[in-house]
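Enquirer: The following block contains the structure, expressed as C-alpha cells.
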Amino acid sequence: MALARNRRRERTVDYWPGFVDALSTLLIAVMFLLTVFVVGQFILSREISGRDEVMSRLNSQINELTQLLALEKGSKQDLEDSVANLQASLANAEGERSRLQALLSAGSGGQDAAQQRIGSLTKELDEQKEMSDRAMSQVELLNQQIAALRNQIAAVESALQASEQKDQQSQTKIADLGRRLNVALAARVQELNRYRSDFFGRLREILSDRENIRIVGDRFVFQSEVLFPSGGTDLNPEGQTEMAKLATALLDVAKEIPPEINWVLRVDGHTDNVPLAGTGRFADNWQLSSARAISVVKFLIAQGVPADRLVAAGFGEYQPITPGDTPEARATNRRIELKLTEK
C-alpha cells in the first residue's frame with residue numbers, strides 16, 4: 001500500500017516540468033514585448049518633427065505606453081501568481097520530505113525506497129528553489145522596467161505640456177502683433193486718406209471749370225478726348241496743360257506727406273468696347289490703354305514727379321463705368337483715371 005501511494009505521488013510530481021516550460025515561454029514572450037517596445041521607442045523618437053506632429057505623436061505614444069504598462073502589470077501579476085504557486089509547491093514538497101523522513105525514522109515502509117524518494121524530492125526541491133529565485137529576479141527586473149516606462153511617460157507628458165504652453169504663448173504674441181499691425185495700418189490708411197483729400201481738394205480748385213473732368217469715388221477721371229487725339233497716345237496741348245496743373249498739385253502735396261508713407265499715383269488707361277482693326281499702330285485696346293497711361297506717366301516725370309511714385313496700368317475696355325454700346329456710354333468709358341494710393 002505504501003509503495004502504491006509513493007507511485008501515485010511520483011506520477012503527480014511529473015507535471016512540474018511542463019509547468020516550468022510554460023513559465024519560461026511566458027518570460028520569453030514578456031522579454032520579446034519589451035524588446036519590441038524599446039525598438040518602437042527608438043523609431044518613434046527619430047520621426048517626431050514639427051509642433052503639430054509632436055503633439056499628435058506624443059499623445060499617441062502616451063496611449064501606447066499606457067497600454068504596454070497595463071500589459072506589463074498583467075504580466076507582473078501572472079509572474080507573482082506563478083511564484084506563489086511555486087512557493088506553495090515548495091512548501092508541500094518540504095512537508096512531504098519531512099513526512100518521509102519521519103516514516104524512515106519510525107522504520108515503516110521500505111528504507112531504500114524512502115531514501116531514494118527523499119533524494120529525488122530534495123533534488124526537485126533544489127530545482128524549484130532555483131526556479132523560484134530566477135522568477136523573483138525576473139519580477140524584480142520587470143518592476144524596474146515598469147518604473148522606467150512610468151518615467152518615460154512622465155517625461156513625454158512634461159514635453160507635451162511644455163509644447164502646448166509654448167504654442168499658447170506664440171498664439172498670444174501673434175494675436176498681439178496682428179492687433180498692433182492692424183492699428184498701424186489703419187493709422188497709415190487714415191493719414192494717406194487725409195493727404196489724398198488734400199490732393200483732390202487742390203485738383204478740384206484747379207480743374208473745377210472743366211465739365212469732362214470729374215471725381216468718381218477716390219479717383220479723378222479725365223475723358224480721353226481732353227488729353228489725346230482720336231486713336232492717339234501723345235498728349236495734345238490741352239492735355240499737357242491739364243497734366244501740368246495736376247503735376248504742380250501733386251508736388252505740393254508730396255512735400256507734406258511723411259517719407260514713411262509709401263504712396264504712389266496710379267494712372268489707369270481705359271478704352272471703349274469698339275475693337276481695333278489690328279492694322280494700325282496698336283493691335284487691340286489693351287495696347288492702346290496701356291500706351292496712353294504710360295504717356296501720362298512720362299509727362300508727369302518730365303514735370304518733376306519722381307518716377308518711383310508713379311504707376312501706369314492699362315485695362316482696355318474691360319472696366320467700363322457706363323455699360324452699353326451707345327455713343328454716350330462709349331465716350332464716358334474712354335478715360336484716364338488717377339488714384340493716390342499706397343504701394
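The values are calculated or read from the model by the stated rules, or taken from the named source; none is laboratory data. Quick caveat: nothing in here was measured; it's all calculated off a predicted structure. Methodologically, a virtual Cβ is constructed for each residue, glycine included, from the backbone with ideal geometry; neighbour enumeration extends over all protein chains shown. For the accessible areas, the whole protein counts, side chains as well, though only heavy atoms, and no ligand, DNA or RNA atoms are used. Shrake-Rupley method; radii C 1.70, N 1.55, O 1.52, S 1.80 Å.
Enquirer: Per residue of the stretch 260-272, in order, report the coupling 6.51 cos²θ - 1.76 cosθ + 1.60 (Karplus, θ = phi - 60°) as ³J(HN,Hα) in whole Hz, putting x for Gly and Pro.
Expert: Running phi through 6.51 cos²θ - 1.76 cosθ + 1.60 with θ = phi - 60° gives 6, 8, 8, 9, 9, 9, 8, 10, 10, x, 9, 10, 7 Hz.
Enquirer: For Q116 and L69, compute 0.36 nm times the residue count separating them, minus their Cα-Cα distance, and round to one decimal in nm. Don't skip to the end; give the middle numbers.
Expert: Details: separation 47, 0.36 × 47 = 16.92 nm, distance 4.70 nm.
The span from Q116 to L69 would gain 12.2 nm if fully extended.
Enquirer: Suppose the chain between T241 and K129 were pulled fully straight at 0.36 nm per residue; how much longer would it get relative to their current alpha carbon spacing?
Expert: Separation in residues times 0.36 nm, less the Cα-Cα distance, equals 28.7 nm.
Enquirer: What is the percent carbon and sulfur in the accessible area of the stretch 215-343, measuring with a 1.4 Å probe over the protein chains and ignoring ligands? Spell out each step's value before the answer.
Expert: Details: 3240 of 6050 Å².
That fraction is 54 percent.
Enquirer: Nothing charged except the Cβ atoms of Lys and Arg (+1) and of Asp and Glu (-1): what's the magnitude of the dipole of the stretch 255-303 about its Cα centre? Round to the nearest 20 debye.
Expert: 200
Enquirer: Could you work out Rg/(2.2 N^0.38 Å) for the stretch 219-343, with Rg from alpha carbons only?
Expert: Numbers: Rg = 14.9 Å, N = 125, 2.2 N^0.38 = 13.8 Å.
Relative to the rule-of-thumb radius for its length, the stretch 219-343 sits at 1.08.
Enquirer: Counting only the heavy atoms of the protein chains, how much of S56 is accessible to a 1.4 Å probe, in Å² to the nearest 10?
Expert: It works out to around 70 Å².
Enquirer: Another question, if that's okay. Using a 1.4 angstrom probe on the protein heavy atoms only, could you order M243, M55, M136 from most to least accessible area?
Expert: Values: M243 0, M55 45, M136 90 Å².
Per-residue accessible area, sorted high to low, gives M136, M55, M243.
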